[in-house]
Amino acid sequence: MKLKHPSSSTSKTLSATTSSQDARLLVRETLRISANLASAPRPALPPPPISAAADGNVATFGLVEEQFLNSSLRLICREEIDGRRWEYFADLDNSKQFRKNSIRAVSLHSRQAPGQELMAFIRSYVVPEGFPDCVTPSYVPYMTWRALKHFFGGAMGVFTTQTLLSSVGVSENRVAPGAVAINWILKDGAGRVGKMIFARQGKKFDYDLKQLRFAGDLLMELGAGVELATAAVPQLFLPMACAANVVKNVAAVTSTSTRTPIYKAFAKGENIGDVTAKGECVGNIADLLGTGLSIMIAKRNPSLVATFGLISLGYLMSSYQEVKSVVLHTLNRARFTVAVESFLKTGRVPTLQEGNGMENIFNFPWSKNRPIILGSRFKDAFQDPNSYLAVEPIFERERYVVTYNPSKGGIYALLKDQAKSDDILKAAFHAHVLLHIIRSYNENQSSSSKTEGRVSVPSSASLQGHVAESYKMVLALYGPFKSKAKEQGWVMSESLLNPGRARLCELVK
């Protein structure tokens, strides 16, 4: 409402006839105007101080308003909390000194609508404080797919639990309660044993966490499928339930072990705890929603096969998109391969987003069909002593040896016992350069001689020439590759490349 400065007689009439509620509104608006005027830029000739009771015309309308009467307000501070602004005023006495305990707060915002207050309440549970500036841009797509995956996971849990209880005989009272309890305890015990055995994988959770995370979700669905299969053969409940629980607990270890590194990649600053807590809250909410929906669906007795197929499809698609949306700064074997191959073909190192997007999620750590073996044993790399003696002088100044084994169709990088972190990275880079040269040579020889997953060299004589050529290329390209990778934000570490533990020792002459 608009305010006009009333005359003295009009103010007296207003104070006598206006209700207490209208008077309080008048004083609040007066204070708001005072705040705006006090915080506005001062003109050349400063105006006289604005007071809530400038002319002594405002009567006493309540306990709160009485504190502002006959006082000169001065703006002393302004603050902002989550987009809401407040201004603080203090009263001056007759001697122009601030009165003790006279600070008054004036809110400069109106009350939020109920819908906005509800959204603010939800945000406090599902997004970190300071969102979106406190996390990386990939946080939102990751949490979206993670929530969808947990939704399907919660839905699957209802059907697997219902099937297990039916198979063990709870619903039809086919067996005694004691036997049911024993079978259930044995099932859970087997799962814990599997969890402890798989924990020895240890370091693999750090350098291949995307691949292991997706593999864990595949195992989770495999375990769910075995649990649902107990409905067809209830007499085999115990062995099948134990096997399923082992598989699902292995998947749980994988999920738990890879969770923190992923959340760490999203956090900006020291807010990893907040990011983790909100991420788990989102997962739990989605899990509860999926559980509630599946309970309603289960009452209609749908086909288990069709239900399992649809839910598993949604779960695995969400899981794949979840790990693909993670943007990590480190170069493990898969991302290192993407970076080096792109550099050799185009002369540029892919960005973090591009490199993570091109990473092969299905390149699991236990796969043996790898074109490059880093830190291999001597007997795996060389069967002919002449082949070693031919390439060994080329690497006399290096702390590694790179070669190609035609019988096994792979590039082998052998590390010397003096090899340091940069030497291991250089050996891996050299192996990719040699692989690139051999593949280019084979393509030039015959476009029809491409072999899937394996490379070949026409003769051992040309091998030495390829190794010598790769050595010259590494001397010229390794430095620029490291510089460009650093410019793009990549972090290189030999431990993430998972080199073998074998080392070549110097012979004592």
**Report entry** Listed pairs LYS149/LYS264; LYS324/LYS345; LYS264/LYS368; LYS379/LYS482; LYS210/LYS379 exceeding 27 Å between Cα atoms
**Finding:** LYS264/LYS368; LYS379/LYS482; LYS210/LYS379
Requested in this report: Using a 1.4 Å probe over the heavy atoms of the protein chains, calculate the carbon and sulfur portion of the accessible area of region 134-325 as a whole percent.
Outcome: 69
Report task. Using only the Cα atoms, work out Rg/Rh for region 318-427, with Rh taken as the Kirkwood radius, to two decimals. Result -> 1.03
Report summary line: If N is the residue count of region 134-325, its Cα Rg over 2.2 N^0.38 Å rounds to 1.09
Query - Where region 134-325 is the region considered: accessible area per residue in Å², 1.4 Å probe - result: 47
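Please work out how much length the chain gains when fully extended from LYS472 to LYS100, using 0.36 nm per residue of separation minus the C-alpha to C-alpha distance, in nm with one decimal. Please report the intermediate quantities before stating the final value.
Working: separation 372, 0.36 × 372 = 133.92 nm, distance 8.04 nm.
Stretched fully, the LYS472-LYS100 segment lengthens by 125.9 nm.
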Query - Cα centroid of region 381-411 to Cα centroid of region 466-496, whole Å - result: 20
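The values are calculated or read from the model by the stated rules, or taken from the named source; none is laboratory data. Computed from a prediction, not measured in an experiment: that's the story for all the values here. We work out accessible area using only protein heavy atoms, side chains counted, and drop any ligands, DNA or RNA first. Shrake-Rupley method; radii C 1.70, N 1.55, O 1.52, S 1.80 Å.
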